[in-house]
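Chemist: A single structure is presented below for examination.
The values are calculated or read from the model by the stated rules, or taken from the named source; none is laboratory data. Small disclaimer: the values here were computed from a predicted structure and weren't measured. Here the Cβ positions follow ideal geometry from the backbone for every residue, glycine too, while neighbour counts run over all protein chains shown.
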Amino acid sequence: MKTFAELEAIRKKAQKDVRLRSGSGDVRVVVGMDNCGIEAGARQITIALMDEINKHNLQDVTVTQTECLGACRLEPMLELYEGEKKTTYVKLTPELARQIVTEHLVNGKTLKSQTIGVFER
Amino acid sequence: MENVKSQENKQYRIALRNSGLIDPGDISDYIAFRGYEALGKVLTEMEPAEVAKMVKESGLRGRGGGGFPTGLKWEFTLKAPGDEKYLICNADEGDPGAFMDRSILEGDPHSLLEAMVIGGYATGANNGVIYIRAEYPLAIKRLQVAIDQAREMGFLGKDIFGSGFDFDLYLKLGAGAFVCGEETSLIQSVEGKRGEPTKKPPFPSESGYMGKPTTVNNVETFAAVPPIILNGPEWFQGIGTETSKGTKVFALAGDINNVGLVEVTMGTTLREIIFDIGGGIPGGAKFKAVQTGGPSGGVITELDLDTPIDYESLKNIGSMMGSGGMIVMDDSTCMVNIAKFFLEFTQDESCGKCTSCRVGTMRMYEILEKITNGEGTEQDLINLNDLARSVKDTALCGLGQTAPNPVLSTMNYYKHEYEDHVYNKKCTAGSCKALLSYSIDPEKCIGCTACLKVCPTNCIDGKAKEVHVIREDECIACNACFEACKFDAVIKP
């Protein structure tokens, strides 16, 4: 640490991360991170989501975690809340998670092929 | 941290400002909450003497119990001759039932590191030691992670913030001796010697660790430093009472609904802490007393509950601030027994260097043991009082000087309980087993044999549908029959 400006830069970035985690954003991305989810790779999904959201500089999106969503066979999965509307995405990979951010959150298009309705009747 | 009850309306968090809000394992979280900004300000804009002066003006006093003005301590070390100085953080929290420092160490380790670098700059020290007890494994782990991160980011090491100031620190694990919370024995222990106090003067600020000028501060004291630098001494001055500024963390324990940590401004009354924040006494029992300052403090009765808390007022009512343990007792607590409990602790923890503490606490403990066994005499009460006073006056360090406090304050406020034990051989609270005599009310007993079956010593005579009788000489007062009886026929003294 050499200068005050350097600290300032780190703080700006850190504040963004904290806001993303605890913010009161309108859109919530909730990743199932119980043992089943983590085992299926939910950690990579979360990292990919946060990274992609940061890349697009989305302000009102919060990424949080929850426990088992009740369909362990479909993990890793996430629920995306936008006000009253909820979309559940299942069987994710980090690439798919990034797609969800770019397609769903940025362009507003649901990624139909990964929704729970396709996998479970 | 689940320990921190969020009764935010009455609380004011300075030392615990980040605990539970940030990820203690991630330095960037701390930075996001203005972390290391105070350090940057100090190193780039201020002279060491200015920093010490600022802390002095804020009115911050040592949170370890003594209440010595922190800024003054820093000035002494800064002015002491010598080019090699040391800064030690006392994280040897040993009071029974107290865990204020632990929550800071575990929840916000970087605030301690930042404050220590500031303290090192203000006292002219380039080396720091955190003396932490080995019984805090999680705190040690998180501190080590924090130290590594701070080193990597350049908040510890050489030429911090380009100011040319070097500071580094390491952890020293203590083996958990209570006496090592006393600064001179702590220094001995850091040097690798036996944890025994040395006489003052010379004070550590002149000759401490390895004979060099040393400052010893408590974790909670350090945690208050960065906010003081950021918000200015006037801000801190404005919080608290005339003589005691800022906030204090207390660990509420004992017979109370909300057990846990509270941080309140100085001047809050005990009643507010116990009944508003603490939620009162469980089970509708009556409040009897509260012990502050752990084994070094005294009991405070209902009469003094409205005393505003600060260093002086607690001293005036025969207790002390201490590190912040607060043990609440309801009316089923025997005061003689409480005094015995604390003395058992201090006589066990006495390092044995000075006679008055080593022998004095042991003899006091023996007298209390005698009284609770129902063998006390009038002379014992006189001896206990004399002994307590002479140990207080003659012990070498803080441990011995304060060890008689629980005895003196309980003898002062609850004299009648001592007298009951000695003259009437009765324990009104019903907790001294030797003085309890159980009996069965012949009118209420229906002869159900429930008590007979649970008695571990088979000292209850009787047959079904006949009135039972307890043979008192064999009774061990285990209370099992009392709990077993559904007809309230067992009479407990």
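Chemist: Quick one: in segment B:139-152, of everything that is aliphatic (A, V, I, L, M) and touching a helix residue (DSSP H, G or I) at 6+ places or on another chain (Cβ under 6 Å), which residue is nearest to the other protein chains (Cβ to nearest Cβ)? Explain how you work it out, then say what you get.
Modeler: Start the filter on segment B:139-152 by keeping residues that are aliphatic (A, V, I, L, M), which leaves B:139-140, B:143, B:145-147, B:150.
Checking the rest, the ones that are also touching a helix residue (DSSP H, G or I) at 6+ places or on another chain (Cβ under 6 Å) come to B:139, B:143, B:146, B:150.
Details: B:A139: 23, B:L143: 19, B:A146: 15, B:A150: 9 Å.
By that ranking, first place goes to B:A150.
Chemist: Can you find a residue that is within 14 Å of chain B (Cβ to nearest Cβ), in a helix (DSSP H, G or I) and loosely packed, with under 13 Cβ neighbours inside 10 Å anywhere in segment A:18-33? Spell out how you get there, then give the answer.
Modeler: Just the residues of segment A:18-33 that are within 14 Å of chain B (Cβ to nearest Cβ), to begin with: A:18-23.
Among the residues that remain, those that are also in a helix (DSSP H, G or I) are: A:18-22.
From what is left, the residues that are loosely packed, with under 13 Cβ neighbours inside 10 Å are A:22.
Yes, segment A:18-33 has at least one match.
Chemist: Residues to consider are A:A5, A:A14; find the one that is in a helix (DSSP H, G or I), within 14 Å of chain B (Cβ to nearest Cβ), touching a Ser or Thr at 6+ places or on another chain (Cβ under 6 Å) and hydrophobic (A, V, I, L, M, F, W, C).
Modeler: Numbers: A:A5 fails: touching a Ser or Thr at 6+ places or on another chain (Cβ under 6 Å).
None of the others qualify; the one that does is A:A14.
Chemist: How many residues does segment B:87-121 hold that are within 26 Å of A:L7 (Cα to Cα) and acidic (D, E)?
Modeler: Residues flagged as within 26 Å of A:L7 (Cα to Cα) and acidic (D, E) within segment B:87-121 amount to 3.
Chemist: Out of the residues in segment A:35-68 that are assigned to a loop (DSSP other than H, G, I, E, B) and touching a Ser or Thr at 6+ places or on another chain (Cβ under 8 Å), state the one that is surrounded by the most Cβ atoms within 10 Å (Cβ to Cβ).
Modeler: In the first step, residues of segment A:35-68 are kept if they are assigned to a loop (DSSP other than H, G, I, E, B); the result is A:41, A:56-60, A:67-68.
Add one more test, that the residue is touching a Ser or Thr at 6+ places or on another chain (Cβ under 8 Å), and what stays is A:41, A:56.
Numbers: A:G41: 16, A:H56: 12.
That would be A:G41.
Chemist: Please report, ordered by residue number, the helices (runs of 4 or more DSSP H) entirely within segment B:42-116 with at least 1 residues that are surrounded by 23 or more Cβ atoms within 10 Å (Cβ to Cβ) and over 24 Å from the mean Cα position of the chain (by Cα). Spell out the reasoning first.
Modeler: Numbers: elements: B:48-58, B:70-79, B:100-107.
Counting at least 1 such residues, we get B:48-58, B:70-79.
Chemist: Are any of the residues in segment A:54-67 more than 30 Å from B:Y36 (Cα to Cα) and either touching a residue at least 24 places away in the same chain (Cβ under 8 Å) or away from chain B (no Cβ under 14 Å) (or both)? So that I can check it myself, show each step before the final result.
Modeler: Pass one, segment A:54-67, residues more than 30 Å from B:Y36 (Cα to Cα): A:66-67.
Then keep just the ones that are either touching a residue at least 24 places away in the same chain (Cβ under 8 Å) or away from chain B (no Cβ under 14 Å) (or both); that gives A:66-67.
For segment A:54-67, residues more than 30 Å from B:Y36 (Cα to Cα) and either touching a residue at least 24 places away in the same chain (Cβ under 8 Å) or away from chain B (no Cβ under 14 Å) (or both): present.
Chemist: If you don't mind, there's one more thing I want to ask. Looking at B:L113 and the list (1) at pLDDT below 95; (2) within 14 Å of chain A (Cβ to nearest Cβ), which single condition is not satisfied?
Modeler: (1)
Chemist: Quick check on segment B:10-41: of everything there that is part of a helix (DSSP H, G or I) and touching a Ser or Thr at 6+ places or on another chain (Cβ under 9 Å), which residue is farthest from the other protein chains (Cβ to nearest Cβ)?
Modeler: The first filter runs over segment B:10-41 and keeps only residues part of a helix (DSSP H, G or I), leaving B:27-32, B:37-41.
This time we only want the ones that are touching a Ser or Thr at 6+ places or on another chain (Cβ under 9 Å), so: B:30, B:40.
Details: B:Y30: 8, B:G40: 5 Å.
It comes out as B:Y30.
Yes/no matrix, rows are residues, columns are (1) under 26 Å from B:D83 (Cβ atoms); (2) aromatic (F, W, Y); (3) in contact (Cβ under 8 Å) with a residue 40 or more places away in the chain:
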residue: B:K158; (1), (2), (3): yes, no, no
residue: B:F165; (1), (2), (3): yes, yes, yes
residue: B:G181; (1), (2), (3): no, no, yes
residue: B:E191; (1), (2), (3): yes, no, no
residue: B:G195; (1), (2), (3): no, no, yes
residue: B:F203; (1), (2), (3): yes, yes, yes
residue: B:V216; (1), (2), (3): yes, no, yes
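Chemist: Given the conditions (1) away from chain A (no Cβ under 14 Å); (2) over 15 Å from B:E114 (Cβ atoms), and given that B:E45 satisfies all but one, which numbered condition is not satisfied?
Modeler: (1)
Chemist: Same structure, new question: Within the bounds of segment B:101-109, is there any residue that is of a type in the set (A, V, I, L, M) and more than 23 Å from B:G293 (Cβ to Cβ)? Talk me through it step by step, then tell me what you get.
Modeler: Start the filter on segment B:101-109 by keeping residues that are of a type in the set (A, V, I, L, M), which leaves B:104-105.
Checking which are more than 23 Å from B:G293 (Cβ to Cβ) leaves us with none.
Scanning segment B:101-109, I find no residue that is of a type in the set (A, V, I, L, M) and more than 23 Å from B:G293 (Cβ to Cβ), so the answer is no.
Chemist: What is the number of the single condition among (1) part of a helix (DSSP H, G or I); (2) crowded, with 23+ Cβ neighbours inside 10 Å that B:T215 does not meet?
Modeler: Tallying (1) part of a helix (DSSP H, G or I); (2) crowded, with 23+ Cβ neighbours inside 10 Å, B:T215 fails exactly one: (1).
Chemist: Limited to segment B:462-478, what total is found for residues that are free of Cβ contacts under 8 Å to residues at least 40 places away in the same chain, exposed (fewer than 15 other Cβ atoms within 10 Å of the Cβ) and within 21 Å of B:K433 (Cα to Cα)?
Modeler: Qualifying residue count for the region: 5.
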